[in-house]
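Accompanying notes for the structure given below.
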């Protein structure tokens with residue numbers, strides 16, 4: 001029993017804090033993450049690009065609700081736009097429904113982001129990552145943009161009608177969002193695969 005205790009302790013710690021293993025991702029996938037964005041699910045702290053371990057895939061898809069999102073260096077008086085998308089819908093080799101919009105929140109106060117609170121206007125409620133079976137790994141990307149002062153951000157009626165085939169670049173251009181101030185992504189696949 002004494003021999004198993006250290007291994008059991010390491011296993012339990014691993015459930016609460018999963019290390020990002022850069023060597024398991026392509027260099028392109030690993031390089032996506034920039035800035036100081038952190039996404040926290042109940043037993044998963046994502047602060048670098050990573051692959052979701054098989055034992056957590058069902059929880060991230062079916063059990064856990066919207067994560068906490070921290071940004072450690074916001075300008076507290078500014079507002080931000082948070083976007084979560086899947087550019088690999090329905091699969092990475094056939095991206096005919098990209099960008100699939102999983103979450104879109106605008107008017108987020110910088111001071112709230114520093115505390116891990118997403119207080120703003122939800123234009124698209126959180127939808128967990130649910131890649132179809134046999135579609136391989138999907139990238140789930142979080143991007144944080146600074147919202148230009150006095151600019152109300154909204155979706156068109158067409159955009160509201162569907163989460164899929166979202167012209168994300170047109171959205172960025174329409175509201176002059178520019179480059180994201182921080183980005184983060186994880187890769188997962190259907191929990192049954």
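Numbers below:
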| read-out | value |
| --- | --- |
| Hits in the stretch 134-158 (condition: within 20 Å of the chain's Cα centre (by Cα) and closer than 29 Å to residue 191 by Cα) | 135, 136, 137, 138, 139, 140, 141, 142, 143, 144 |
| Some residue of the stretch 155-173 being assigned to a strand (DSSP E or B) and at pLDDT 95 or above | no |
| Scan of the stretch 55-70 for residues that are buried (at least 23 other Cβ atoms within 10 Å of the Cβ) and either over 13 Å from the mean Cα position of the chain (by Cα) or under 15 Å from residue 184 (Cα atoms) (or both), ordered by number | 69 |
| Some residue of the stretch 97-106 being buried (at least 18 other Cβ atoms within 10 Å of the Cβ) and either within 14 Å of residue 37 (Cβ to Cβ) or free of Cβ contacts under 8 Å to residues at least 24 places away in the same chain (or both) | yes |
| Flag if residue 115 is at pLDDT below 95 and either touching a helix residue (DSSP H, G or I) at 6+ places or on another chain (Cβ under 9 Å) or not in a helix (DSSP H, G or I) (or both) | yes |
| Residue 73 vs. criteria within 16 Å of residue 184 (Cβ to Cβ), more than 15 Å from the chain's Cα centre (by Cα) and in contact (Cβ under 8 Å) with a residue 12 or more places away in the chain | yes |
| Among residues of the stretch 169-191, those that are farther than 19 Å from residue 146 by Cβ and surrounded by fewer than 21 Cβ atoms within 10 Å (Cβ to Cβ), counted | 2 |
| Candidate set from the stretch 72-87 (those that are surrounded by 20 or more Cβ atoms within 10 Å (Cβ to Cβ) and at pLDDT 95 or above); member that is farthest from residue 141 (Cα to Cα) | 79 |
| Candidate set from the stretch 32-51 (those that are part of a strand (DSSP E or B) and within 12 Å of the chain's Cα centre (by Cα)); member that is nearest to residue 189 (Cα to Cα) | 50 |
| Conditions (1) over 24 Å from residue 58 (Cβ atoms); (2) free of Cβ contacts under 8 Å to residues at least 60 places away in the same chain: number failed by residue 144 | (2) |
| Condition met for residue 145 (surrounded by 18 or more Cβ atoms within 10 Å (Cβ to Cβ) and either part of a strand (DSSP E or B) or touching a strand residue (DSSP E or B) at 6+ places or on another chain (Cβ under 6 Å) (or both)) | yes |
| Condition check for residue 127: under 17 Å from the mean Cα position of the chain (by Cα) and at pLDDT 95 or above | yes |
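The values are calculated or read from the model by the stated rules, or taken from the named source; none is laboratory data. All of these numbers come straight from a predicted model, not from anything done at the bench. Glycine gets a Cβ as well: all are built from the backbone with ideal geometry, and neighbour counts include every protein chain shown.
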